[in-house]
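The values are calculated or read from the model by the stated rules, or taken from the named source; none is laboratory data. What you see is a predicted model, and the numbers here were worked out from it, not measured in a lab. So basically every Cβ, Gly included, is an ideal-geometry build from the backbone, and we count neighbours across all protein chains shown.
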Amino acid sequence: MVKAIVGANWGDEGKGKITDMLAEESDIIVRFQGGSNAGHTIINDYGKFALHLLPSGVFYDHTTSVIGNGVALNIPYLINELKSLTDRNVPMPKILVSDRAQILMPYHVDFDTYEEARLAGKSFGSTKSGIAPFYSDKYAKIGFQVSELFGDEKVLRDKIQNVVLLKNVMLEHLYHKPLLNEDEVFETLMQYKDMVAPYVTDTSAFLHKALKEGKRILLEGQLGSLKDPDHGIYPMVTSSSTLAPYGAIGAGIPAGAIQDVVTVVKAYSSAVGAGAFVSEIFGDEADELRKRGGDGGEYGATTGRPRRMGWFDAVATRYGVRMQGTTEVALTVIDVLGYLDEIPVCVGYEIDGQVTRDFPTTSLLEKAKPVLRTFPGWKCDIRGITKYEDLPENCRNYIEAIEQEIEAPITMVSNGPGRHEIIHRESSFTK
Ligand code: GDP
C-alpha cells in the first residue's frame, strides 16, 4: 500500500508535519524528487527540526527512510543532516540511498550561485542549492549516478574529463571564475563514495519486495503542484516534478501502486521566490499574517527569507489538487486565521475583463487580478480542539466552503504544528 503526501500550492503547506504524523503508521518513507533546496519543519518529542534532504520519517525507530533515484543527492549534506539528528539524541535512523540516485556536485552549487548573480535583478530567486544545474546535467546525461562510484575507474575518469571540459568553457568565458580540475573532481567523488557506501542499495528492488510483503510505504513530495516544471508557473518552478505520479518514477515503483494521494493544502497562501502570486497581500496585512503564520512565522526553513503572503487561492489550489490526482486533502494551519474578523478567499481570476476559475499559463497569470469572496472569521483560538463538531461554526463553514471550491474531500484538519494536533473528519463531499 503506497500513500503519497504532496503539496497543492507553492510548497510550505505543512507536508513535513503530515508526513511525520502518518509515518507513525508506516514502514518506509521515500523522498522521490528535489534535494536540499526546500525544508520541512517538524516538531516532535525530540524538539524542533528543519529537515532538507532526509525524509520526515527519520524520527521513528520502526521506519526505514529511502532517498529515491529521483532525488538530487548532496552527499555531505546528507551526512551532516544525519549528524545533526544524532547530536540531538535522535537515534540513528535506518537510511537507504538508491544506487540510481545522481550526485549533486559542489560545482552545481557554484553554477547556481554564478547564474543567479549573472541574472541579477531578473533572477529566479534560487536557493542556490545547485538544483537547476544538477537536473540540467542529469538530463544532458553528464551527471554522476551513485552506481558509477562503484564501477570502473577508467570509465569514471573519462567521463570526468568530458564534464570538466564542458564546465570549464562556461566558467572561463561566461562566469570568469576558477576552473575545475579533473583530479579534484575525481577525489571529491571518491570521498563521496566512502561517505555514502554504507547506505547504497537497489532501493527499487527493496521497495518491490516491501510491496509484496504488504508494507506501508509513504512517498514524501517536496514543494507543491505550482512548482512543477510542466504544470506549474514555468519558469518560476523547480527542476523536478512535484506531482504524486512522479513519485512512482522517483522511487522506482509501478504507478498503479500509489493508491492514496494525500494532498496538503494550506488555509491561506505563502510563496517564496519570484513569480505571479494572484492572491498576494502586502504591507501591514501581510506582515501580520506572516508573523502569526506557521509555527513562529512564515520564514523559509532553508533560507530564513520572509515568505510572500496571500489569501487562500481557490483557483490555484483546485488546479493543484487536480494535478496531484488527490484522493484526500489535509488542510493545515487553519488555527492561524483565528485573529481575523473577515477572511477573504480568492475564488476567481479576472484576466482582460473576463472572470475565470481555471488556472492559466504564466503569461495570462501575470495579468490576473483576484476576485475575492469574504467569509466571517471565528475570532478565537482553535488549538487543542480534537473533534470537528467542536470547531466554531464559522470555522467549519470556511473549511466546507474550501472543500467545495477545491473539489476534493478534506479528511484532516491541522490546527497546530504538533504531531498530534490533527482533527480527523468524515467528509460527505461529492462532486
Ligand atoms: P512543508 O515544507 O510543506 O513541510 O512546510 P513547512 O515546513 O514550511 O511547514 C509549515 C510550517 O507550519 C512549519 O513551521 C510547521 O511546523 C507549521 N505547521 C504545520 N501545520 C500547522 C498547523 O496546523 N498550524 C500551525 N500553526 N502551524 C503548522
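Just to be sure, is LEU165 under 31 Å from the mean Cα position of the chain (by Cα), part of a helix (DSSP H, G or I) and more than 30 Å from VAL272 (Cα to Cα)? Criteria not met by LEU165.
Screening PHE49, PHE32 for residues that are over 24 Å from PRO254 (Cβ atoms) and either buried (at least 18 other Cβ atoms within 10 Å of the Cβ) or basic (Lys, Arg) (or both) leaves exactly one candidate, PHE49. Report, ordered by the first and then the second residue, all pairs with beta carbons closer than 6 Å, sequence separation of six or more or different chains, a first member in the stretch 36-49 that is among the β-branched types (Val, Ile, Thr), and a second member that is more than 8 Å from the ligand (Cβ to nearest atom) and assigned to a strand (DSSP E or B). Correct list of pairs: ILE42/PHE49.
Within the stretch 54-75, the set of residues being under 15 Å from PRO198 (Cα atoms) and within 16 Å of the ligand (Cβ to nearest atom) comprises SER65 only.
Could you list, in sequence order, the residues of the stretch 393-431 that are more than 16 Å from the ligand (Cβ to nearest atom) and either of a type in the set (A, V, I, L, M, F, W, C) or in contact with a Cys (Cβ under 9 Å, 6 or more places away or on another chain) (or both)? The answer is ALA401, ILE406, ALA408, PHE429.
Consider GLY14 carefully, then state whether it is at positive phi, at pLDDT 90 or above and either surrounded by fewer than 22 Cβ atoms within 10 Å (Cβ to Cβ) or not charged (D, E, K, R) (or both). Here the answer is yes, as GLY14 does meet what is asked.
All conditions but one from (1) surrounded by fewer than 17 Cβ atoms within 10 Å (Cβ to Cβ); (2) more than 22 Å from PHE375 (Cβ to Cβ); (3) modelled with pLDDT of 95 or more apply to GLN324; the one that does not is (1).
When VAL30, VAL71, VAL58, VAL2 are checked against the criterion of being within 30 Å of GLU213 (Cα to Cα), in contact with a Pro (Cβ under 6 Å, 6 or more places away or on another chain) and among the hydrophobic types (A, V, I, L, M, F, W, C), VAL58 stands alone in meeting it.
Pairs linking a residue in the stretch 178-189 that is farther than 14 Å from LEU149 by Cα to a residue that is modelled with pLDDT under 95, with Cβ atoms under 6 Å and 6 or more positions apart or on different chains, do not occur. The residues on offer are LEU78, LEU51, LEU82, and the sole one that is in contact with a strand residue (DSSP E or B) (Cβ under 6 Å, 6 or more places away or on another chain) and either within 16 Å of the ligand (Cβ to nearest atom) or in the same structural domain as LEU22 (by TED's automatic domain parsing) (or both) is LEU51. Exactly one residue out of THR203, THR188 is surrounded by 12 or more Cβ atoms within 10 Å (Cβ to Cβ), in contact with a Gly (Cβ under 7 Å, 6 or more places away or on another chain) and modelled with pLDDT of 95 or more, and it is THR203. For the stretch 116-129, the condition of being surrounded by 18 or more Cβ atoms within 10 Å (Cβ to Cβ), of a type in the set (D, E, K, R), outside any helix (DSSP H, G or I) and touching a residue at least 12 places away in the same chain (Cβ under 8 Å) holds for at least one residue. Kindly evaluate ASP287 against the criterion of being within 13 Å of the ligand (Cβ to nearest atom) and not in a strand (DSSP E or B). Judged against the criteria, ASP287 is not a match. Pairs are defined by a Cβ separation below 8 Å, a sequence spacing of at least 6 or placement on different chains, a first member in the stretch 12-29 that is within 13 Å of the ligand (Cβ to nearest atom), and a second member that is aromatic (Phe, Trp, Tyr) and not in a helix (DSSP H, G or I); the pairs so defined are ASP20/PHE59; ALA23/PHE59; ALA23/TYR60. One residue alone among VAL278, VAL262, VAL272 is at pLDDT 95 or above, more than 20 Å from LEU372 (Cα to Cα) and crowded, with 21+ Cβ neighbours inside 10 Å, and that residue is VAL262.
Highlighted here are the strands (runs of 3 or more DSSP E) found entirely within the stretch 344-431 that include at least 2 residues which are more than 28 Å from ILE42 (Cα to Cα): 354-356, 369-376. The residues listed here are ILE406, ILE382; of these, the one that is over 24 Å from ALA316 (Cα atoms) and either touching a residue at least 40 places away in the same chain (Cβ under 8 Å) or outside the structural domain of TYR339 (by TED's automatic domain parsing) (or both) is ILE382. Can you confirm whether the stretch 301-312 contains a residue that is at pLDDT 95 or above, out of contact with any Asp or Glu (no Cβ under 8 Å at 6 or more places or on another chain) and crowded, with 21+ Cβ neighbours inside 10 Å? For the stretch 301-312, residues at pLDDT 95 or above, out of contact with any Asp or Glu (no Cβ under 8 Å at 6 or more places or on another chain) and crowded, with 21+ Cβ neighbours inside 10 Å: present.
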